[in-house]
Each structure stands twice: as C-alpha cells, then as structure tokens.
C-alpha cells in the first residue's frame, strides 16, 4: 500500500535524574502514514529511526508513533521505544505545543522525557528542529511512501 511520509532530524539535550550536566541527544526519524488528508485533523504515523544520547544510547534503533493534531488539539506527540547501551528498554516521549501566535518557536521545540521499562522518568530536556539546517531536507523528504518503509 502507498501512503505518505517524511523524515525529521532534531537535536538538543537531556538531563538525567541526579546529574548536573546535559547530555546531547539527537534523532533522525522516518514517519509514514496511510492518509495525507489526516494531517488537517489528527494524523497517526509510524515512526522508525535512530536516536543518540551521549553515554546512554549510541545510535540506538527506535520505533514508535508520531501523532500530529495541529489544529484540533494543537499538539504533536512522539512516543518512541529503544534499548540503552546497557540493554535496558527505554521510552522517549516528546511534545510540541502549537501556538499559532509563535509558530516558529512552537513548531520547532520538542519537550522530551525519557523513562525506564517500569515507566519511571529518568531524564528530561528539550530538542529543536533547526530551520536553517534541516528544513530543506524535511521538505524534500515529504511525499509518497510504501507503508512499512524505514529510514
């Protein structure tokens, strides 16, 4: 089946509970969905890719979901699962809270939390989509996709 999709890269930093320093974090994700017209209401897309968290997850594969509801709920949610370098299952949750009075800030800022396999938060931080660096690649990646394709 042919759907649609796009690729997104974001970077930033997280602070683990009990630490007093930032750890760099970045991901590259490929999102695929069935119906492009759902972007106007609520779109549920599959997300796959790679996440890097300094000293915690070096190029770890991620899988999960990307939910985009920019008009009805005014948010974007990333829910991803990955395994740390020590073999521990972890989850990543990120939220963009859309405010059309500040579109460049709210569409490019992702508030993130990391949790362990029992659901306890272990880190939090902020990631950013770099308009100058990544917008061209994002726009070029948007288009038809075979459902189930990966990064």
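Every number in this text was worked out from the coordinates using simple rules, so none of it is lab data. Note that the coordinates shown come from a computational prediction; the quantities given were computed from them, not determined experimentally. All Cβ positions, glycine included, derive from the backbone under ideal geometry; neighbour counts span all protein chains shown.
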Discussion item. Taking a virtual spin label 7 Å from the Cα of residue 108 along the C-beta vector, which residues in the stretch 119-139 bring their backbone nitrogen under 12 Å of it?
Written reply: 128-136
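So if the hydrodynamic radius of the stretch 96-137 is defined as the Kirkwood radius over C-alpha pairs, what does Stokes-Einstein give as its diffusion coefficient at 4 °C and 1.567 mPa s, in µm² per second?
Numbers: Rh = 11.9 Å.
For the chosen part, D equals 109 µm²/s.
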Worksheet item: Sorted from fewest to most neighbouring beta carbons within 10 Å, what does the list 24, 29 look like?
Response: 24, 29
Discussion item. Can you compute the modelled spin-label distance between residue 128 and residue 52, with each label point 7 Å from Cα toward Cβ, in nm?
Written reply: 1.8
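What do you get when you divide the Cα radius of gyration of the stretch 66-151 by 2.2 N^0.38 Å, with N the number of residues? Walk me through the numbers on the way to the answer.
Values: Rg = 15.0 Å, N = 86, 2.2 N^0.38 = 12.0 Å.
The reported ratio for this selection is 1.26.
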Worksheet item: Under the rule of -39500 (n - 2.57) per DSSP H run of 4 or more residues, summed and divided by the residues of the chain, what mean residue ellipticity at 222 nm is obtained, to the nearest 500 deg cm²/dmol?
Response: -3000 deg cm²/dmol
Fill in: Folded to 0 to 90 degrees: helix 131-141 orientation relative to the chain principal axis, Cα
50
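Rg to Rh ratio, the chain, alpha-carbon atoms and Kirkwood radius? Intermediate values should be presented prior to the final figure.
Working: Rg = 15.2 Å, Rh = 15.8 Å.
Ratio value, two decimals: 0.96.
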Worksheet item: Which three semi-axes in whole Å describe the equivalent ellipsoid of the stretch 1-71, each the square root of 5 times a Cα gyration tensor eigenvalue, listed largest first?
Response: 29, 14, 8
Discussion item. How much length would be gained if the chain were fully extended between residue 67 and residue 101, taking 0.36 nm per residue of separation minus their Cα-Cα distance, in nm to one decimal?
Written reply: 10.1 nm
Item to complete: Could you compute the FRET efficiency for residue 15 and residue 142, with r as their C-beta to C-beta distance and R0 at 41 Å, rounded to 0.05?
Response: 0.80
